[in-house]
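Encoded as structure tokens, the structure appears first; notes follow it.
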Amino acid sequence: MNSTGFIFDLDGVIVDTAKYHYLAWKKLANELGFEFTKEQNELFKGVSRKRCLEILLDIGNITATQEQFDTWMVEKNIDYLAYIEKMDASEILPDVPKILQFLKDKNIPIALGSASKNAKPILEKVNLLHYFDAIVDGNNVTKAKPDPEVFLIAAKQLGISANNCVVFEDAKAGIQAANAANMVSIGIGDSSILTAAKYNFKNFTEIDFSFLKTLLS
Ligand code: B16
Ligand code: MG
């Protein structure tokens, strides 16, 4: 019986959907009469859809009724899904399948721990769904990262204790969530932002099998 579980975030770790989130949020901002920059989009990484819209409306200095808020949430998601529809395996980030296959060959339990409510269709689109023993996403959680809930549910579904889980994350709040869950946090991306991560890598091409083996022992 293996005692280590591996949990992957989605956006920024497995695929770069941030660019599609950005285009959909930017369209909505423009329709509402203001600009939304790529720099501002950084604030949205790992953040729930609802919280993103709250931040967007703050940026545009817009007060919305509940009805408008709900309409804009739906509108943004429809635009986002149109981009997702065109995704295929070419959009998987470098070396992700290699790492997943390595773990699969060793029968290591693998979970997804994402804030997205669109996680499953995205994994289907890029043909990676079969690697995952558990999918925990925005549909299953009540508390957003940095709360550890998403990763704790993932560990439970894998049947692995939290302190035997490893989390790959690209967002600061995600690293905080992994640490709060008492898991080994691995930052993927900018180490100057992900300072709380136990280990940091720019991307999966920097991670070799010997490092993964040390996590298993
Ligand atoms: P959805 P992750 C997050 O994915 C994105 O980084 C964040 O920008 C997005 O707002 C959130 O998912 C919700 O996505 O609108 O599809 O439910 O990094 O947690 O995989
Ligand atoms: Mg992410």
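Using the beta-carbon distance between SER217 and ASP95 and R0 = 22 Å, what value does 1/(1 + (r/R0)^6) give for FRET efficiency, to the nearest 0.05?
Rounded to the nearest 0.05, the efficiency is 0.50.
What whole-number value in Å² describes the accessible area per residue of the stretch 85-214 for a 1.4 Å probe?
So the stretch 85-214 comes to 46 Å² accessible per residue, rounded to a whole number.
Quote the convex hull volume per residue of the chain, based on C-alpha atoms, as a whole number of Å³.
Taking the convex hull of the Cα positions in the chain, it is 112 Å³ per residue.
Filter the trypsin sites (Lys or Arg not before Pro) in the stretch 1-110 to those in DSSP coil with at most 15 other Cβ atoms within 10 Å of their Cβ, and list the result.
Hits after loop and neighbour filter: LYS86, LYS106.
Give the lysines reachable from LYS26 as a straight Cα distance under 25 Å; neighbours fewer than 8 places away on the same chain don't count.
In chain and number order, the partners are LYS38, LYS45, LYS50, LYS76, LYS86, LYS117, LYS120, LYS125, LYS145, LYS172.
So for the pair THR195, GLU42, with labels modelled 7 Å out along Cα→Cβ, what separation do we get in nm?
Taking the simple label geometry, THR195 and GLU42 are separated by 1.4 nm.
Roughly speaking, what is the stretch gain from LYS117 to LEU32, that is 0.36 nm per residue apart minus the C-alpha to C-alpha distance, in nm to one decimal?
Here the segment from LYS117 to LEU32 would lengthen by 28.2 nm.
Want the number for ASP88 to ASN127: 0.36 nm per residue separation, take away the alpha-carbon distance, what's left?
That pair, ASP88 and ASN127, stretches by 13.3 nm at full extension.
First measure r as the distance between the Cβ atoms of THR65 and ASN139, then evaluate 1/(1 + (r/R0)^6) with R0 = 35 Å and state the FRET efficiency to the nearest 0.05.
Efficiency, rounded to the nearest 0.05: 0.85.
Give me the Debye-computed log₁₀ of I(q)/I(0) at q = 0.16, 0.29 Å⁻¹ for the stretch 18-84, equal point scatterers on Cα only, no solvent, two decimals.
-0.45, -1.65
With every protein chain left in place, what is the accessible area per residue of the stretch 18-84 in square angstrom, probe 1.4 Å?
56
Write out the chymotrypsin sites (Phe, Trp or Tyr not before Pro) in the stretch 1-94 meeting two conditions: DSSP loop, and at most 15 other Cβ atoms within 10 Å of their Cβ.
Passing both the DSSP loop test and the Cβ count: PHE34.
Using Cα-Cα distances under 8 Å and only pairs 6 or more residues apart, what relative contact order does the chain have, in percent?
Answer for the chain is 24 percent.
Leaving ligands, DNA and RNA out of it, report the carbon-plus-sulfur percent of the accessible area of the chain at a 1.4 Å probe.
Summing carbon and sulfur atoms, their accessible area is 50 percent of the total for the chain.
The values are calculated or read from the model by the stated rules, or taken from the named source; none is laboratory data. The shown structure was predicted, so the numbers you read here are calculated from the model rather than taken from an experiment. Glycine also receives a Cβ, built like all others from the backbone with ideal geometry; neighbour counts cover every protein chain displayed. These area figures cover heavy atoms from the full protein model, side chains too; ligands, DNA and RNA do not enter into them. Shrake-Rupley method; radii C 1.70, N 1.55, O 1.52, S 1.80 Å.
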